[in-house]
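Asks: Structure provided below as structure tokens; questions to follow.
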Amino acid sequence: MNKKPILEIIADRLRQTEFKDDDIITLGKDFSLPSDEKGLRYVDGAKDGICAYHMGAAEITKKDIEEINKVITLANKGDYDQADSVLEKLCERIRLVNFIDELQDCILDRKDEIEDKFYVYSLHLMTQSANIECVKVGMMIQELFTQSDEVKGMVRTLGLSDEFTLYSVFIMRNWENGNTEIMNIAKSVNGWGKVHAVHYIEPDTEEIRQWLLTDAVSNDVMPAYPGWDCYKKADVGSVIKKDKLSYKELEGVLSIVDAMLDEGPVLGISNIEDPKEVLLNVLNHAIKHAPLSVKDCKIISNILDWQKENLGDTEIESISNKILETGEK
């Protein structure tokens, strides 16, 4: 059973990795948090991702609320060991992602009695806990406060793990230039953390909109998850109405459209009122850049297959075939 603080494990990994000045700081594809799970092991962030996208709200019982309040009472007195013991048992029954609102509501309901010791308890969980769910609890307590530069550094460091990116994003939303912070953390992860970051980011700068268009949809989980988010937030509907697209922009558009065609995990292209118009606009840009790369030709084939099954449109079929007939570059 892991006894080492989670933050220390992540910090050690960073210290062991050499980065150049212009490198994106990452923990590496082979990094994963220690786990006591036997048999099939979930990748970091997967359990929370599945809860968020595929499971309804968990039932929070009266006993759960009582234990949340007990943790608050103990932490407020500075009895961190007892608070940890109660919290760990609570988190064995229910994951933090399922009781964030209840936790924060209980704290806010008691805001007049909250002492500095309770704030310090959140930092204790973030820096000293070896329990993944307890670290998240510390982060969600922190969301209710203002962070110092030092604490912001902890939030960024924890967010480098796909297991904690979602919770870092929740905190970062309240920062000045928070969406830029979210984009930067999203560039450092490529699993569930990136999926969550794309879902919550707001495209309030041109840099973010461009990143959403060209680089945000790819991930190691399934591009389908952020496909619709990227389409909306990058305003692909307007982008494809421009007279010209750069090849990089076209590649971004094609990747987003391809992600939306795969509606296995979540809705994508079905959300578009007139998919025929969108696909025609995309194909008319694509044919201007033909021949396309192998990857982009595969996407054109996917569009062709999808329209045969769902639209049966001769115009889409004709343009798609013309693009494919030019070969690959």
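Asks: Across segment 213-253, what is the total count of residues that are assigned to a helix (DSSP H, G or I) and within 14 Å of the chain's Cα centre (by Cα)?
Replies: 7
Asks: Would you mind listing the helices (runs of 4 or more DSSP H) fully within segment 36-148 where at least 3 residues are free of Cβ contacts under 8 Å to residues at least 12 places away in the same chain and more than 23 Å from K3 (Cβ to Cβ)?
Replies: Helices (runs of 4 or more DSSP H) meeting the threshold: 62-77, 100-109.
Asks: Shifting gears a bit: Answer yes or no: is there a residue in segment 27-34 that is polar (S, T, N, Q) and either in contact with a His (Cβ under 7 Å, 6 or more places away or on another chain) or free of Cβ contacts under 8 Å to residues at least 40 places away in the same chain (or both).
Replies: So far as segment 27-34 goes, yes, one or more of its residues are polar (S, T, N, Q) and either in contact with a His (Cβ under 7 Å, 6 or more places away or on another chain) or free of Cβ contacts under 8 Å to residues at least 40 places away in the same chain (or both).
Asks: Of the residues V135, V86, which is under 23 Å from L166 (Cα atoms), surrounded by 15 or more Cβ atoms within 10 Å (Cβ to Cβ) and in the same structural domain as W175 (by TED's automatic domain parsing)?
Replies: Unique residue meeting the criteria: V135.
Asks: Still on this structure, I have one more. Mind listing whichever residues of segment 190-227 are within 13 Å of I256 (Cα to Cα) and in the same structural domain as A46 (by TED's automatic domain parsing)?
Replies: Answer for segment 190-227, where residues must be within 13 Å of I256 (Cα to Cα) and in the same structural domain as A46 (by TED's automatic domain parsing): just V198.
Asks: List the helices (runs of 4 or more DSSP H) that sit entirely inside segment 254-325 and contain at least 3 residues that are modelled with pLDDT of 95 or more and hydroxyl-bearing (S, T, Y).
Replies: Answer list for segment 254-325: 314-325.
Asks: Which of the residues spanning segment 191-220 are surrounded by fewer than 20 Cβ atoms within 10 Å (Cβ to Cβ) and either farther than 19 Å from N174 by Cα or among the aromatic types (F, W, Y) (or both)?
Replies: Of everything in segment 191-220, those that are surrounded by fewer than 20 Cβ atoms within 10 Å (Cβ to Cβ) and either farther than 19 Å from N174 by Cα or among the aromatic types (F, W, Y) (or both) turn out to be Y200, E206, E207, R209, Q210, D215, S218, D220.
The values are calculated or read from the model by the stated rules, or taken from the named source; none is laboratory data. It should be emphasised that the depicted structure is a prediction, and the values quoted were computed from it without experimental measurement. All Cβ positions, glycine included, derive from the backbone under ideal geometry; neighbour counts span all protein chains shown.
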